[in-house]
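The structure appears below as structure tokens.
The values are calculated or read from the model by the stated rules, or taken from the named source; none is laboratory data. Nothing here was measured: the structure is a model prediction, and the numbers come from that model. Backbone-built Cβ (ideal geometry, glycine too); neighbour counts: all protein chains shown. Ligands, DNA and RNA are excluded from the accessible area calculation, which covers all protein heavy atoms including side chains. Shrake-Rupley method; radii C 1.70, N 1.55, O 1.52, S 1.80 Å.
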Amino acid sequence: MRILVPFLFSILLSPTFAEASVIITEVMYDLPGTDTGREWIEITNVGSSPVDVRKYKFFEADTNHAIAPISGSGVLSPGSSAVIADNPTKFKIDWPQYSGDLFDSPFSLSNTGESLVLKDSALGIVDSISYDRALGAAGDGTTLKRSGIMFISAVATPGTHVG
């Protein structure tokens, strides 16, 4: 009991829980043709308070990748989404109509699957997902979108998560 009480107290004070309102909502991991530099993920603030994600890290392939704002303030309002792109220039070529918050992060998503983790400034886990080709979106132009607690293959809609 002595060990459990301090452990529970430290969990309750963890910054991970304070910032856990940002989740990964869409993953474009395998585009048709060459996908080098064209991969991206969408994050969404599902909480009721703004969240500053400028010091977050995107953990992929055993690396904590920095997330640098390209457009927007870096603060996600409640209900808003942003895109983290491997190469923002290529992302804007593929998605010229996109006008939302955009972040740069030097990652390369596996076309066969992997685990992705969004971490806060203290490197606490904010959200994590695992995907593989069996879920779909393998080179067919679709993405993996969060639908409740699952991810499904669907038409890509960067920055416009709904549900």
Distance histogram for the stretch 26-112 (every C-alpha pair counted, 10 angstrom bins, percent rounded to whole numbers) = 18, 51, 28, 3
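Per-residue ellipticity at 222 nm for the chain, helices alone: DSSP H runs ≥ 4 residues times -39500 (n - 2.57), over residue total, nearest 500 deg cm²/dmol? Don't skip to the end; give the middle numbers.
On the way: 3 runs with 20 residues, N = 163.
Value at 222 nm, helices only, nearest 500: -3000 deg cm²/dmol.
Pairs of Cα atoms under 8 Å, at least six residues apart: use those to get the relative contact order of the chain, whole percent. Mind showing how you got there, number by number?
Working: 364 pairs, mean separation 44.0, N = 163.
Contact order relative to length: 27 percent.
Ignoring ligands, DNA and RNA, what percent of the 1.4 Å accessible area of the stretch 17-67 is carbon and sulfur? Provide the component values of the computation, followed by the final result.
On the way: 1100 of 2060 Å².
So the carbon and sulfur contribution to the accessible surface is 53 percent.
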message = For the stretch 24-163, what does the accessible surface come to per residue with a 1.4 Å probe? Please give it in Å².
response = 45
key: Dimensions (Å) - the chain, Cα atoms, principal axes, largest first   = 57, 34, 29
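Expressed in nm to one decimal, what extension gain is obtained for the pair ARG133 and ALA68 from 0.36 nm per residue of sequence separation less their Cα-Cα distance?
Values: separation 65, 0.36 × 65 = 23.40 nm, distance 2.85 nm.
Full extension from ARG133 to ALA68 adds 20.6 nm.
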query = For the stretch 128-163, list residues with backbone N below 16 Å from a point placed 7 Å from the Cα of SER115 toward its Cβ?
reply = 128-132
inquiry  = Under 14 Å between alpha carbons, and skipping anything fewer than 8 positions from LYS55 in its own chain: which aspartates and glutamates qualify?
reply    = GLU19, ASP104, ASP120
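Provide the gained length on full extension for the span LYS92 to SER108, in nm with one decimal, where the gain is 0.36 nm per separating residue minus the Cα-Cα distance. Don't jump to the answer; show the numbers that get you there.
Values: separation 16, 0.36 × 16 = 5.76 nm, distance 1.73 nm.
Taking LYS92 through SER108 to full extension adds about 4.0 nm, to one decimal.
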remark   = For the stretch 97-106, in residue order, the Karplus 3J(HN,Hα) values (coefficients 6.51, -1.76, 1.60; θ = phi - 60°; whole Hz; Gly and Pro = x) are 7, 5, 10, x, 4, 9, 10, 9, 7, x
query = For the stretch 70-163, what relative contact order do you get, as a whole percent, if you take Cα pairs closer than 8 Å and at least 6 residues apart?
reply = 23
